[in-house]
Amino acid sequence: MRALAFVLALAAGPALAQDATLADIRQQLTVLYGDIEALRGELSASGALSTGVAGSTPLDRLNAIEAELQRLTSKTEELEFRVNRITVDGTNRVGDLEFRLCELEPACDIALLGDTPSLGGVDSAANIPVPAAPVAQAPDLALGEQQDFEAAQQALAAGDFQMAVDRLAAFGNTYPGSPLEVQANIALGQAQAGLGQNGEAARAYLAAFSAEPEGPFAPEALFRLGRALGDVGQIPDACVTLAEVGVRFPNSTYVAEANSARGLLGCT
């Protein structure tokens, strides 16, 4: 498949599911190590048999446990490799898409793109922690941050796209790392699309999705990115990206819009 747009890590969802499996396997390994030590004690002492492991002699049972241990170790390594491969592949696809979007913009300097941050914020998927349950709380906003964002939204709603772009650009410069960053990038992409700046809009949507690929605004960002790719003529990438909306977020209201956009693009 072509630039599976960061598939995205499109790969964050599968990585988490396999993390749970690795935890289960490691727990089984701990139990098996304990069984081995207990059997070694039996072999060096009375040689009495214990229950719970197949085998007619302590040595047979020890061999059976060691064989199972090898199988589980192999499975752990296989899962870790798959998780790591997904992370690396998704990161590379994000970088490739950023590069191609930059090529479409005369003002974009490819030399300044830098390295693409690893999806999930880590270099190795084996070190991905199990996320804690989210705690609902209001974002920590700077004084005037909400008002500035709402002013940009009002300009966008009024169809004053240039004013919206200017205010959102100023918002990004004034409040770097804002809790509203994802929403601001989506709004910026909409304003730029309104001005016919489809390449820049695609970059804004990509930034929004990459910042929080599992966040509440990820389905919208991914849908708008796919549609923007279609607007700049990247039809195969647009079709793949739009298809990912339904794959990653099957319950999102944007799935129907993504499917409709795929139909308009003639995606197969």
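The values are calculated or read from the model by the stated rules, or taken from the named source; none is laboratory data. Note that the structure is predicted; figures quoted are calculated from it, not measured. Reconstructed Cβ throughout: ideal geometry from the backbone, glycine too, with neighbour counts over all protein chains shown.
Restricting to region 234-258, name every residue that is polar (S, T, N, Q) and within 21 Å of the chain's Cα centre (by Cα).
Step one: of region 234-258, the residues polar (S, T, N, Q) are 234, 241, 251-253.
Those that are polar (S, T, N, Q) and within 21 Å of the chain's Cα centre (by Cα): Thr241, Asn251, Ser252, Thr253.
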### Query
Can Val247 be described as under 14 Å from Leu97 (Cβ atoms), at pLDDT below 95 and hydrophobic (A, V, I, L, M, F, W, C)?
no
